[in-house]
Each structure stands twice: as C-alpha cells, then as structure tokens.
Amino acid sequence: MLRQDFIYPTGIYLDGNSLGLASHASLKAIERRLQEWQQQAVNGWESWFGLAETLSPTLANLMGALPEEVIATGSITMNLHALLATFYKPTGQRRHLMATSLDFPSDLYALQSWAEREGAELRLIPSRDGYTLEEEDIRAAFQDDVALVLLPTVLYASGQLLDIGQYASLAREKGIVLGVDAAHSAGSVPHQLHDWGVDFAVWCSYKYLNAGPGAPGGLFVHQKHFAKLPGLRGWWGHQKSSTFEMHQHFTPEHGAGAYQISTPSILALAGLEGALEAFQKVGMQDIRARSLELTEHFMALLDQHTPELKVVTPRKAEHRGGHVSVQHPDARLLSLALRSRGIVPDFRTPDLLRMAPVAFYNTEEELEKTVLVLRELLDSGSYQQFRQQETRVV
Ligand SMILES: Cc1ncc(COP(=O)(O)O)c(C=O)c1O
C-alpha cells in the first residue's frame with residue numbers, strides 16, 4: 001500500500017507484529033527534533049511540551065476514541081500499572097483480578113503485583129487447545145467476586161481476535177472494570193474503544209504503528225472516568241496550563257493526559273509523530289481490508305503447500321488479527337532457517353512460527369516465496385542444522 005514510504009530491508013520482512021519498519025517520515029521527524037535540540041537547546045520545549053497531545057487526534061481515530069481519551073505515553077506494562085493503580089479498587093467480596101492463560105507474561109506480572117498487594121487472586125481464563133480462547137470460557141470469568149478483567153484484543157501467540165464489544169457490555173452488566181491490551185491490534189485492526197465502553201486500554205507503538213524500537217506506547221481512559229484522579233501521579237499529568245507554576249497540589253490535566261507521569265523522550269515521540277503520517281494517508285478500514293486479504297492468501301498457501309504446518313490462527317475474519325501463526329514441533333529451527341534465507345518471521349515458545357503480512361508493506365509475492373522456502377526446508381530437513389544454535393531473537 002505504502003511500501004515506498006518505508007525503508008524495506010533486504011529479503012522478506014514478516015515481523016512487523018514485533019517491530020514495525022522504519023519509515024522515511026519517522027526518520028525525518030526524528031531528524032527534525034534532533035536539529036531543534038542542537039539549535040534551540042532548552043527553548044525546544046516551546047514546541048516539545050505539548051507534542052504528545054498533538055498526536056491524540058490521529059491516535060483517537062485509530063483506537064475509536066475521543067482525542068482527550070487517548071495519550072501517547074509510557075509503555076504497556078508501565079501504563080498498565082498506572083491504570084491498575086486507578087481502576088483496581090477491590091471492595092468487599094468483589095476483589096479478584098482476571099486475565100487469560102494466553103496473555104503476554106508482562107501483563108500477568110503486573111497483575112500479580114497488584115493481586116499480591118491486595119491479598120487477592122489473579123485468575124486466568126483457561127484455553128482448551130493451548131492457542132485460543134472460547135467465548136463461553138471468557139464469559140464465565142465475569143463472576144461476582146471479580147473486580148477487574150484484563151483482556152487482549154488479539155492474542156500475541158495465535159493471533160485470535162476477541163470480540164471486545166461483547167465483553168465490555170458484559171462487564172458493565174456485572175459491574176466489573178474491563179481493561180484491554182491492544183498491543184497486537186493497534187494499527188492493524190479498527191477499534192471502537194469509546195463506543196464499546198471499555199474502561200481503559202493500553203498499547204505499544206513499536207509493532208503495527210511502526211514508531212521505532214521502544215517507542216512510547218499509548219493509553220485510553222473512557223470519558224466516563226475523567227472525574228477520577230490517577231492513582232499514580234507525576235508532573236507531566238498535571239494541568240498543562242499551570243505546570244510551571246510548580247504547585248504542590250496536583251491538578252490533573254483533562255482526560256487521558258492526566259495519566260502521563262514523567263518527561264517524555266522527545267526523540268522517541270518523534271518516531272511516533274512521523275509514523276502516524278501513514279495512518280493519515282490510509283484509513284483503518286482500508287488497512288484492515290488489505291491485512292485480511294494478505295492473511296487469507298497466506299493461510300490458503302500454507303494449507304496447500306505446507307499442510308504439516310498447522311495454522312492455529314482462527315480462520316474467520318472476525319476472529320483473527322494481523323498475523324498468522326503455524327504450529328510445528330521444530331518451529332524454532334524453522335524460524336532460524338528462514339532467517340538464514342533472508343526471511344524474517346518470529347518464533348514463540350514452544351512451537352509457533354509467527355508471521356505478519358503487514359498491510360503497508362508486504363505483498364502476495366513475498367508470501368508465495370516464503371511458503372516455497374518453507375516447503376523446501378521441510379523436504380530437505382536442512383533446518384535441523386540449527387539445532388545447536390541458541391539465539392535471543394529467533
Ligand atoms: C501483548 C503484549 N503485552 C505487553 C507487552 C509488553 O510491552 P512493554 O514492553 O511495552 O511493556 C508486549 C510486548 O511485546 C505485548 O506483545
């Protein structure tokens with residue numbers, strides 16, 4: 001779609017669900033902020049001070065939110081802690097936390113710390129097949145003694161997309177707070193966080209938002225909660241018009257901006273500033289349509305040419321996100337073998353090869369080549385040579 005806007009590495013890149021590619025716009029924005037630093041030094045804060053807020057209208061579009069309901073800040077886990085400090089209020093019998101057994105571990109670590117502090121349980125929605133969740137099991141988790149449920153929009157391993165709107169209604173009915181981790185859907189799948197009535201959400205921008213390694217993440221707080229005071233406060237969340245009056249008393253900025261804590265990295269924020277230009281050129285509906293076209297084609301190719309790789313990503317468009325995961329006992333070795341052939345997938349323990357054809361820059365031809373290389377590797381067994389190789393990124 002916008003392949004020419006990105007700096008495409010040699011080979012075939014199918015790991016945009018882990019780290020999105022650099023774009024010319026991002027590099028230009030970072031260069032601009034670097035120059036401001038050199039030429040203006042501290043005076044640069046004139047334009048940097050409200051930089052995160054200037055990104056909110058575009059982010060709001062991506063997340064289906066009002067501009068004041070979102071802010072680019074922090075990172076997923078840090079934002080999750082900040083939001084749990086505000087939204088997790090165990091009272092009486094209603095005190096436990098609920099997440100899923102297929103969540104990214106960092107979310108579970110954050111929830112465990114809060115459960116420990118409150119002497120509550122962290123319960124996990126079970127998976128019947130180890131890769132996906134059943135609607136019935138998720139609904140059953142919304143019990144009267146649960147204070148807060150955290151759900152992923154898209155499961156990081158299998159790529160299953162959950163019907164968050166349905167669970168937000170259920171949460172409201174039951175008086176349970178619903179938080180959402182949108183790491184694997186932000187920039188890939190349209191959201192309606194406001195209309196669904198989700199209480200809060202967190203996401204990162206180094207995946208499908210292409211903002212760069214360790215780029216600032218984002219958070220959403222529903223408008224209905226604007227009267228709440230953030231549980232973790234810092235000067236960056238103070239009312240912007242009076243930050244430099246240096247009051248001892250915290251007055252929150254209106255909306256999600258109040259959840260900022262510290263001075264942001266302007267260079268990192270610039271990566272996001274530039275990356276969002278692509279989302280101003282192409283709307284989320286078109287991005288999703290192209291992503292579905294690519295994943296559909298990829299799954300058909302995998303079924304046809306490499307049937308021994310079991311696609312664990314749900315087939316139905318309404319149940320899958322932007323990546324395709326296949327199961328094979330030697331997935332780790334296949335991932336290393338693909339890399340040695342210039343194709344970059346990623347591996348998720350214990351047996352998943354995860355690949356994302358990204359709407360902005362991947363093509364059908366790349367998927368066809370990838371499947372042919374996989375066929376060759378499976379036929380020759382040459383991937384076995386990587387058995388002794390230990391690497392951090394596989
Ligand atoms: C689904 C999900 N949640 C949380 C995280 C952790 O993100 P962070 O390092 O920004 O806290 C990741 C990282 O990739 C993730 O994929």
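What the table below lists for this structure:
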item: Cα centroid of the stretch 171-208 to Cα centroid of the stretch 101-167, whole Å; result: 13 Å
item: In degrees, nearest ten, helix 105-118 long axis to first principal axis of the chain (Cα); result: 40 degrees
item: Percentage relative contact order, the stretch 24-281, counting C-alpha pairs under 8 Å, at least six apart; result: 26 percent
item: Cα gyration tensor shape of the chain, rounded if a/c is under 1.5, else prolate or oblate by comparing a/b with b/c; result: oblate
item: Cβ-based net charge around Asp137, under 13 Å, with every Lys or Arg adding one and every Asp or Glu removing one; result: -1
item: Violating pairs (Cα-Cα greater than 30 angstrom) within the set Lys316/Lys369; Lys174/Lys310; Lys28/Lys316; Lys207/Lys281; result: Lys174/Lys310; Lys28/Lys316
item: Relative contact order of the stretch 215-256, defined on C-alpha pairs under 8 angstrom at six or more residues apart (%); result: 48 percent
item: Using θ = phi - 60° and Karplus 6.51 cos²θ - 1.76 cosθ + 1.60, couplings along the stretch 85-102 (whole Hz; Gly, Pro as x); result: 4, 9, 9, 8, 10, x, 9, x, 6, 7, 9, 8, 10, 10, 9, 10, 6, 10
item: Net length gained if the chain between Trp45 and Lys89 were fully extended (0.36 nm per residue, minus Cα distance); result: 12.2 nm
item: With Cα atoms, 0 to 90° folded angle of helix 266-281 axis to the chain main axis; result: 70 degrees
item: Residue-count net charge about Val202 - beta-carbon cut-off 14 Å; Lys, Arg +1, Asp, Glu -1; result: -4
item: Gain upon complete extension [Ser113, Ser262; 0.36 nm per residue less C-alpha separation]; result: 51.5 nm
item: Antiparallel bridge percentage (DSSP; both residues within the stretch 24-281; nearest 5); result: 40 percent
item: Sulfur and carbon atoms: percent of accessible area, the chain [1.4 Å]; result: 52 percent
item: Contact order normalised by residue count of the stretch 106-225, Cα under 8 Å, 6+ apart, percent; result: 17 percent
item: Protection proxy ranking of 235-248, 271-284 - average other beta-carbon atoms within 10 Å, highest first; result: 271-284, 235-248
item: Estimated 222 nm signal from helices in the chain, with DSSP H stretches of n ≥ 4 weighted -39500 (n - 2.57), rounded to 500; result: -11000 deg cm²/dmol
item: Peptides 142-151, 215-224 ordered by average Cβ neighbours within 10 Å, highest first; result: 215-224, 142-151
item: Highest average packing first - 252-258, 325-331, Cβ atoms within 10 Å; result: 252-258, 325-331
item: Cα-based reach from Lys224 at 14 Å (exclusive), listing aspartates and glutamates while leaving out same-chain residues under 8 positions away; result: Glu68, Glu69, Asp195, Asp199
item: Surface per residue (accessible, 1.4 Å probe) for the stretch 349-394, Å²; result: 52 Å²
item: Degrees separating the helix 364-380 axis from the principal Cα axis of the chain, which is the longest one; result: 50 degrees
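The values are calculated or read from the model by the stated rules, or taken from the named source; none is laboratory data. Quick caveat, the model's predicted, so the values are computed rather than measured. So basically every Cβ, Gly included, is an ideal-geometry build from the backbone, and we count neighbours across all protein chains shown. Surface areas here come from the heavy atoms of the whole protein model, side chains and all, with no ligands, DNA or RNA. Shrake-Rupley method; radii C 1.70, N 1.55, O 1.52, S 1.80 Å.
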